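See structure below.
The values are calculated or read from the model by the stated rules, or taken from the named source; none is laboratory data. Just so you know, these numbers come straight off a predicted model, no measurement behind them. Glycine gets a Cβ as well: all are built from the backbone with ideal geometry, and neighbour counts include every protein chain shown.
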Amino acid sequence: MISQFRTVANQLTLLRLIFIPFVIINVLDQNYGWALLLFVAAGLSDALDGVLARWLEQQTLLGQYLDPIADKLLLSSLFLVLSFMHDVPWKFTVIVFSRDISILAISAVLYATTDLRNFSPSIFGKMNTVAQVATVFCILLGHVVESRIVAAARVLGLWLTFAFTILSALHYIILVNQRLRALSQPKAASAR
């Protein structure tokens, strides 16, 4: 397990975790230029760690869990802080948090009580993450430059986040049901 921490990709993921408090501090201090710069750096490290993991053949089980955790911590924290700063209406943050906490709780219970280990994100979950990243980017950019296009993109991003959050949650429930049925089928067949 220690050797998995030493891969370049996982080191970049850990670096992304270190960015989180600094992005939040800069948002709270209304240093939006720095917050935007750190957020973009975190996003680049996210893209780079995936590319390097495949290119260097360093894909690890730790990375499969750590990468989405880092993404969720960054995005959920920013949604929460931006709601306190009155940049994101609370209904969007409540939806984002409700989905993420529900998925985390369900995954933990299933991991502890079943043989299910495949918790990889669906296409809708990935689209949800993209919508959240784009929304946060537009909100931070809107504090740096005044633009009607950025303001419109912020509103669109919030509604896309809302839609993809609900859609990905429903899709996750369907996927978990299918995976649980697939796990129980071999046992049912061998019991006959």
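In the range 80-105, how many are assigned to a helix (DSSP H, G or I), of a type outside the set (Phe, Trp, Tyr) and under 19 Å from Leu156 (Cα atoms)? First the steps, then the outcome.
Taking the range 80-105 as the starting set, the residues that turn out to be assigned to a helix (DSSP H, G or I) are 80-84, 90-105.
Now narrow it down to the ones that are of a type outside the set (Phe, Trp, Tyr): 80-83, 91, 93-96, 98-105.
Still in the running and under 19 Å from Leu156 (Cα atoms): 80, 82-83, 91, 93-96.
Residues meeting the conditions: 8.
Please work out which residue is farthest from the chain's Cα centre (by Cα), limiting yourself to the range 74-89 and to residues that are closer than 14 Å to Thr135 by Cβ and without any contact (Cβ under 8 Å) to a residue 24 or more places away in the chain. Residue satisfying both the conditions and the ranking: Ser83.
Of all residue pairs spaced 6 or more apart or on separate chains, those with beta-carbon atoms under 7 Å, a first member in the range 118-141 that is touching a residue at least 24 places away in the same chain (Cβ under 8 Å) and in a helix (DSSP H, G or I) and a second member that is of a type in the set (D, E, K, R) and buried (at least 17 other Cβ atoms within 10 Å of the Cβ) are Thr129/Asp71; Thr135/Arg154; Ile139/Asp87; Ile139/Arg154. No other residue among Ala108, Ala47 is surrounded by fewer than 16 Cβ atoms within 10 Å (Cβ to Cβ), within 22 Å of Gly157 (Cα to Cα), without any contact (Cβ under 8 Å) to a residue 24 or more places away in the chain and not polar (S, T, N, Q) apart from Ala47. Of all residues in the range 128-146, those satisfying the criterion of being modelled with pLDDT of 95 or more and of a type outside the set (A, V, I, L, M, F, W, C) are Gln132, Thr135, Gly142, His143.
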